[in-house]
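Here, each number is a calculation from the coordinates, and none is a lab measurement. Small disclaimer: the values here were computed from a predicted structure and weren't measured. Glycine also receives a Cβ, built like all others from the backbone with ideal geometry; neighbour counts cover every protein chain displayed.
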Amino acid sequence: MNRSALTRALLAAGSLLLASGAQAHPHGWIDLSVNVVTDAQGRVTSLDQIWRMDPFYSLIVFDELRNVADATFEEGLDQLGQDIRANLSAQHYFTSVWLDGEPLALGEVSEYTTYQSNNRLVYMFSLPLAEPVALDDGRLEYQIYDPTYYIEVVHEEQDGAPAESALALVGDGTSCTLSITPADPDPELVLQAALLDKGEQGEPELGRYFAETGHIDCTES
């Protein structure tokens, strides 16, 4: 497979997205599902995530991958997955995690896959914590967002609310209350994002103000 040809195709897909998107941020979105994985001792070991890219961007990428003459569609998806992982690694995988308000260190992703499902580009990966942490009577929270707010990340929805499958606790030995809090950005930040042109960036960490928060509350379990 010619890596440079594939890279050019993906860059072209990105350029098309930039040219076709609206002026205001965000320019696309990701539908998110999270499995918080625990071991037999009830310690959190990883946040396993499924990202479903928006239909428009997915269509562009798929069309470009099919036009790479010296790579199969599956080879293109594999290479795309490698590129996504490399880019996300430099940005902490868009993920911040806290236990009782204290930030937790993250590990590096080694398990990931990229595939097509219902005409959507899907990226699935397991993000380990640097060290397993016991939930005990604590409260774990996370946010997953693009700091530039170029892409909006939202949990999977059903009937206008986060779907039950959007956040799950997987493993043994832990029973906690799960919930997802919507973002509540200041109206001035909403206006700022709406006025940003395609090549402009807002204040640092703009995306944090538009991020939903996942809660795993074990204080009353």
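Some points to look at:
- Lone qualifier among 135, 47, 127, 140 - being touching a Lys or Arg at 6+ places or on another chain (Cβ under 9 Å) and surrounded by 20 or more Cβ atoms within 10 Å (Cβ to Cβ): 135
- Test for residue 47: is it closer than 23 Å to residue 164 by Cβ and either in a strand (DSSP E or B) or not acidic (Asp, Glu) (or both): yes
- Unique match (being in contact with a Ser or Thr (Cβ under 6 Å, 6 or more places away or on another chain) and under 30 Å from residue 140 (Cβ atoms)) among 81, 101: 81
- Counting only residues that are exposed (fewer than 15 other Cβ atoms within 10 Å of the Cβ) and touching a residue at least 24 places away in the same chain (Cβ under 8 Å), the range 143-162 holds 1 of them.
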